[in-house]
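Below: one structure, written as structure tokens.
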Amino acid sequence: MEKSLDTGNFISIAHLTDTHLFAESDRLLVGIPTDASFQAVLAEVKQTLPNVDLLLLTGDLSQDSSIESYQRMRNTLNRHQIPTYCLAGNHDDLAVMQKHLPSEYVSLARSLNIGNWKIILLSSVVIQAVQGYLAKSELIWLEEQLNSEGDRPTLIAFHHPAVAIGSPWMDGICLTNQDQFWEICDRYPQIKVVINGHAHQDFDQIHQTVHNSVRCLVSPSTCVQFRPQTPTFQVDTLAPAFRHLRLYDDGSIQTEVHRLKSKQFSPDLQAISYSDD
């Protein structure tokens, strides 16, 4: 899918991740109603980014892989009428997603060209596992996509973080074959940014390979946040959020996280029984 931009010199993308919707719209995750927080984050996107070009949703769209959760997400996104690209996380069921999520505004396409940029969506999901892995077929397909576009600045998205983020418990369930992924990235200087979810927190770091320098981003969840830099799982009290990315024609990037100001989505720290498994 190719999109031509008539105004401005950057692509405006809102990155939303780890929505964790349930079959029932009123279900709570650590005291947070995930459907309501998702709706609130989308409203914040519309208010703060009226000219956003694209929504990018990077997995754990559903907490229970239910048909109802994907149908409700589809209907919500259709109402907002913003082109949206989605990929699966470890909580998702890709077959159910493929049947019930795509629509006029929601796509599961794995690559797109938009403005001067190429966006590649990969699957890091391992069936019935929490950690991520990019299968050989994914890595081969990635190289094919990179070879097909020459010097077009490229963003790569998948669910599990591609680098260690400094929390030992989370680093143990991130992408397990990071070296294989970065060996490919080292050969393609057009790769400018890699963006992930899964960690429920804000992370922004430059990853230096031998021949390339890549911006590595992880975005907060639209519901529950995890406390960064902790040896074991801990819930944070920060509000739900999304990340705004501006991708410029020259390959440069600007990004920041937007958090909800409302206190209505505070976690119930006395009733924590959730772990990301």
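A quick yes/no check of all residues on (1) of a type outside the set (Val, Ile, Thr); (2) in a helix (DSSP H, G or I); (3) at pLDDT 95 or above:
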site: 144; (1), (2), (3): yes, yes, yes
site: 156; (1), (2), (3): no, no, yes
site: 164; (1), (2), (3): yes, no, yes
site: 173; (1), (2), (3): no, no, yes
site: 180; (1), (2), (3): yes, yes, yes
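If you go through region 149-168 one residue at a time, do you hit one that is farther than 27 Å from residue 229 by Cα and either under 18 Å from the mean Cα position of the chain (by Cα) or free of Cβ contacts under 8 Å to residues at least 24 places away in the same chain (or both)? So that I can check it myself, show each step before the final result.
Kept after step one, since they are farther than 27 Å from residue 229 by Cα, are these residues of region 149-168: 149-154.
Adding the requirement that they be either under 18 Å from the mean Cα position of the chain (by Cα) or free of Cβ contacts under 8 Å to residues at least 24 places away in the same chain (or both) leaves 154.
Yes, region 149-168 contains at least one residue that is farther than 27 Å from residue 229 by Cα and either under 18 Å from the mean Cα position of the chain (by Cα) or free of Cβ contacts under 8 Å to residues at least 24 places away in the same chain (or both).
Report the residue count in region 125-165 for those that are of a type in the set (S, T, N, Q), at negative phi and surrounded by fewer than 14 Cβ atoms within 10 Å (Cβ to Cβ). Step through it out loud before you land on a result.
If we filter region 125-165 for residues that are of a type in the set (S, T, N, Q), which is where we start, we get 128, 131, 137, 145, 147-148, 154.
Next, from what is left, pick out any that are at negative phi: 131, 137, 145, 147-148, 154.
Narrowing further to those that are surrounded by fewer than 14 Cβ atoms within 10 Å (Cβ to Cβ): 137, 147-148.
Qualifying residue count for the region: 3.
Counting the residues of region 198-214 that are small (Gly, Ala, Ser) and either in contact with a helix residue (DSSP H, G or I) (Cβ under 8 Å, 6 or more places away or on another chain) or within 19 Å of residue 33 (Cα to Cα) (or both) gives 1.
Among the residues of region 210-229, count how many are over 13 Å from residue 200 (Cα atoms) and over 16 Å from the mean Cα position of the chain (by Cα). Quick ask: steps written out before the conclusion?
Kept after step one, since they are over 13 Å from residue 200 (Cα atoms), are these residues of region 210-229: 210-216.
From the residues that got through so far, the ones that are over 16 Å from the mean Cα position of the chain (by Cα) too are 210-214.
The qualifying residues number 5.
As a summary of the residue check, residue 62 satisfies the conditions (1) under 19 Å from residue 247 (Cα atoms); (2) at pLDDT 95 or above; (3) of a type in the set (S, T, N, Q) except for the one numbered (1).
Only residues that are assigned to a loop (DSSP other than H, G, I, E, B), free of Cβ contacts under 8 Å to residues at least 24 places away in the same chain, out of contact with any strand residue (DSSP E or B) (no Cβ under 8 Å at 6 or more places or on another chain) and of a type outside the set (Val, Ile, Thr) were counted across region 98-132, and they come to 1. The residue of region 215-257 that is surrounded by the fewest Cβ atoms within 10 Å (Cβ to Cβ), among those that are hydrophobic (A, V, I, L, M, F, W, C) and touching a helix residue (DSSP H, G or I) at 6+ places or on another chain (Cβ under 6 Å), is 233. I'm checking my understanding of the structure. Among residues of region 42-101 that are within 16 Å of residue 128 (Cα to Cα) and of a type in the set (Asp, Glu), which one is surrounded by the fewest Cβ atoms within 10 Å (Cβ to Cβ)? Step by step, filter region 42-101, then rank; the result is 64. A search for C-beta distances below 8 Å between a residue of region 244-259 that is in contact (Cβ under 8 Å) with a residue 12 or more places away in the chain and any residue that is surrounded by fewer than 16 Cβ atoms within 10 Å (Cβ to Cβ) and among the acidic types (Asp, Glu), counting only pairs 6+ apart in sequence or on different chains, returns 244/256; 255/204.
Of all the criteria given as (1) under 22 Å from residue 125 (Cα atoms); (2) of a type outside the set (Phe, Trp, Tyr); (3) within 18 Å of the chain's Cα centre (by Cα), the one not satisfied by residue 184 is (3).
Residues 41, 52: which one is part of a loop (DSSP other than H, G, I, E, B) and hydrophobic (A, V, I, L, M, F, W, C)? Don't jump to the end; show me each part of the working.
Numbers: 41 fails: part of a loop (DSSP other than H, G, I, E, B).
That would be 52, the only listed residue that is part of a loop (DSSP other than H, G, I, E, B) and hydrophobic (A, V, I, L, M, F, W, C).
The values are calculated or read from the model by the stated rules, or taken from the named source; none is laboratory data. Just so it is clear, the model here is predicted, and its values are computed rather than measured. Note: ideal-geometry Cβ built from the backbone for every residue, glycine included; neighbour counts use all protein chains shown.
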